[in-house]
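Step one of this worksheet: look at the structure below.
The values are calculated or read from the model by the stated rules, or taken from the named source; none is laboratory data. Note that the structure is a prediction, hence the values are computed from the model and not measured. Cβ placement follows ideal geometry from the backbone for every residue including glycine, while neighbour counts extend to all protein chains displayed.
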Amino acid sequence: MVGLRPRPNRPSHRLASPIQRFGYRIIPVCPAVDSVLSEKSRASLREVPDKIDLVDMFRAPEYVGKIVEECLALKLPTIRLQDGVAHIPAASIARAGGMTVVTNRCVYRDYLDLFGPVPRS
């Protein structure tokens, strides 16, 4: 999750925590922090040691182009631009490069729409 911050009041954190409970591994990509939700933060996508299935983006639109370039260089399959994060030229470049691009959607809400809530343990 690009832009994930450790502050619980941030939208990225409010989304990442339940997604972890759904059983997904969230790897924070944010150079300003050491870790979030018990996961070591990485400064860039290139530093993530594991396979990346989905890049979920919580950065301002002016940063989308650079992240798309990095995704394409790494041959990543999918990028999601969260609500309010739109950059049509970068999304077009990502699609032209073979990526699946989802814009202006929330992965948490989409998960709930498909599978319903997961009981707390």
Inspect segment 1-23 for any residue being without any contact (Cβ under 8 Å) to a residue 12 or more places away in the chain, closer than 23 Å to GLY116 by Cα, out of contact with any Leu (no Cβ under 6 Å at 6 or more places or on another chain) and aromatic (Phe, Trp, Tyr) and give the result as yes or no. no
Check off (1) more than 20 Å from ASP110 (Cβ to Cβ); (2) surrounded by 14 or more Cβ atoms within 10 Å (Cβ to Cβ); (3) of a type in the set (Val, Ile, Thr) for VAL64 and give me the number that stays unchecked. (1)
By residue number, the members of segment 41-61 that are touching a helix residue (DSSP H, G or I) at 6+ places or on another chain (Cβ under 9 Å) and either over 23 Å from TYR108 (Cα atoms) or not β-branched (Val, Ile, Thr) (or both) are SER44, LEU45, ARG46, LEU54, ASP56, MET57, PHE58, ARG59, PRO61
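Is it the case, given these coordinates, that ARG80 is among the charged types (D, E, K, R), free of Cβ contacts under 8 Å to residues at least 60 places away in the same chain and assigned to a loop (DSSP other than H, G, I, E, B)?
The answer is no for ARG80.
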Just one of the numbered conditions (1) out of contact with any Pro (no Cβ under 7 Å at 6 or more places or on another chain); (2) closer than 17 Å to ALA16 by Cα is not true of VAL85; which one? (1)
Where the second residue is assigned to a helix (DSSP H, G or I) and of a type in the set (Val, Ile, Thr) and the first is surrounded by 15 or more Cβ atoms within 10 Å (Cβ to Cβ) and lies in segment 38-52, which pairs have Cβ atoms under 9 Å and are six or more apart or on separate chains? LEU45/ILE67
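Every residue in segment 43-75 that is in a loop (DSSP other than H, G, I, E, B) and either in contact with a Gly (Cβ under 8 Å, 6 or more places away or on another chain) or farther than 20 Å from ARG14 by Cβ (or both), please.
ALA43, SER44, VAL48, PRO49, ASP50, LYS51, ILE52, ASP53, PHE58, ARG59, LEU74, LYS75
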Somewhere in segment 71-81, is a residue on the phi > 0 side of the Ramachandran plot and either surrounded by 12 or more Cβ atoms within 10 Å (Cβ to Cβ) or at pLDDT below 95 (or both)? no
For VAL85, only one of the following conditions fails: (1) surrounded by 13 or more Cβ atoms within 10 Å (Cβ to Cβ); (2) in a loop (DSSP other than H, G, I, E, B); (3) out of contact with any helix residue (DSSP H, G or I) (no Cβ under 9 Å at 6 or more places or on another chain); (4) not aromatic (Phe, Trp, Tyr). What is its number? (3)
Give the residues of segment 88-112 that are under 24 Å from ALA16 (Cβ atoms), assigned to a helix (DSSP H, G or I) and touching a Gly at 6+ places or on another chain (Cβ under 8 Å), sorted by residue number. ALA90
